[in-house]
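Novice: This structure is in structure tokens; I'll ask about it shortly.
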Amino acid sequence: MKDPIPPELLGPSMKVFTGQASQEWLNKLNKKKVRHANYLHYEPFIWQNARLTAEAFVQVFYEQTKRQIAGKHFYVAGFGRVGKAVAQVLRNLQATVTIAARSDEQLAEAAIAGYEPLRLTERTVFSNGYLVNTIPSQWLDPEKSGETRIFDLASAPGCLKPSYSSEYYTIHLKLPGIHFPVDAAAALVEAILRMDIEERGGTCLKENESD
């Protein structure tokens, strides 16, 4: 929606399920005693959305490079939910995957999962492959990546440091909705139904019940 729902149209008997929402609007809902919950904080939805993002990235890669994934080397920056999903899809397609991360926790987890870990620092250089960013912060100096193609899957404004640009960089927002609108909508509906049921103390939906 272009603008948020006016709080005066909502009553205390209603509940609003939000995605990205301003704190100002949420404060107005609180003032009107309108209940609300953010599906972007719901783990099952987050993981489903990560899986859709990973599959959509594959389509983006094919469309933009006209190359196969098998045998290629990919750096995946960040090993959160989207990073894990992207790395798994790439490995399943027989790519070599290096996980670049800052935290010891993520690096250790990546190594245990069978990926090559690479500590991410200001001096890290990316070469001989493709870089897929999943870290939602402006951390990358494109000079450190040379001619490595950068696919940014994080939220705007992306991973490039302020005032930097690169001809080898592209950012890809809202991939699930763009490439898999039906599946993305189904995932959202199921998440909202499950959140509502769980809040009421009920059991989870049966498989395919929300179809």
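The values are calculated or read from the model by the stated rules, or taken from the named source; none is laboratory data. In this text the structure is predicted, and so the values were computed from the model without any measurement. Every residue, glycine among them, receives a Cβ derived from its backbone with ideal geometry; neighbour counts consider all protein chains shown. Remember, those area values only see protein heavy atoms, side chains included, never the ligands or the DNA or RNA. Shrake-Rupley method; radii C 1.70, N 1.55, O 1.52, S 1.80 Å.
Novice: Applying the selection to the range 90-130, what residues are assigned to a helix (DSSP H, G or I), of a type outside the set (Asp, Glu) and either open to solvent by 90 Å² or more (accessible area, probe 1.4 Å) or within 22 Å of residue 168 (Cβ to Cβ) (or both)? Give the derivation first.
Specialist: Kept after step one, since they are assigned to a helix (DSSP H, G or I), are these residues of the range 90-130: 90-92, 104-112.
Applying the additional criterion that residues be of a type outside the set (Asp, Glu) yields 90-92, 106-108, 110-112.
Result: 90, 91, 92, 112.
Novice: Can you tell me which residue is farthest from residue 132 (Cα to Cα) among those in the range 169-194 that are out of contact with any Leu (no Cβ under 9 Å at 6 or more places or on another chain) and open to solvent by 60 Å² or more (accessible area, probe 1.4 Å)?
Specialist: Selected residue: 189.
Novice: Among what's in the range 63-116 and is touching a helix residue (DSSP H, G or I) at 6+ places or on another chain (Cβ under 6 Å) and small (Gly, Ala, Ser), pick the residue that is nearest to residue 129 (Cα to Cα).
Specialist: 101
Novice: What's the number of the condition residue 152 fails, among (1) at pLDDT 95 or above; (2) acidic (Asp, Glu); (3) surrounded by fewer than 20 Cβ atoms within 10 Å (Cβ to Cβ)?
Specialist: Evaluating residue 152 over (1) at pLDDT 95 or above; (2) acidic (Asp, Glu); (3) surrounded by fewer than 20 Cβ atoms within 10 Å (Cβ to Cβ) leaves (3) as the failure.
Novice: Just to be sure, is residue 20 farther than 24 Å from residue 116 by Cα, within 15 Å of the chain's Cα centre (by Cα) and outside any helix (DSSP H, G or I)?
Specialist: Judged against the criteria, residue 20 is a match.
Novice: Of the conditions (1) open to solvent by 50 Å² or more (accessible area, probe 1.4 Å); (2) closer than 30 Å to residue 36 by Cα; (3) free of Cβ contacts under 8 Å to residues at least 40 places away in the same chain, residue 197 fails just one. Which one is it?
Specialist: For residue 197, the failing item is (1).
Novice: Under 8 Å by Cβ, and 6 or more places apart or on different chains, what pairs join a residue from the range 33-48 that is crowded, with 18+ Cβ neighbours inside 10 Å with one that is part of a strand (DSSP E or B)?
Specialist: Partner pairs satisfying both residue conditions: 34/15; 34/16; 39/17; 39/18.
Novice: Residue 70 - would you say it is surrounded by fewer than 19 Cβ atoms within 10 Å (Cβ to Cβ) and modelled with pLDDT of 95 or more?
Specialist: yes
Novice: Would the range 194-209 turn up any residue that is of a type in the set (S, T, N, Q), farther than 22 Å from residue 92 by Cβ and not in a strand (DSSP E or B)?
Specialist: There is at least one residue in the range 194-209 that is of a type in the set (S, T, N, Q), farther than 22 Å from residue 92 by Cβ and not in a strand (DSSP E or B).
Novice: Against the definition (under 19 Å from residue 171 (Cβ atoms), of a type outside the set (D, E, K, R) and either in contact with a Pro (Cβ under 7 Å, 6 or more places away or on another chain) or open to solvent by 50 Å² or more (accessible area, probe 1.4 Å) (or both)), how does residue 137 come out, yes or no?
Specialist: No; evaluated as a whole, the condition is false for this residue.
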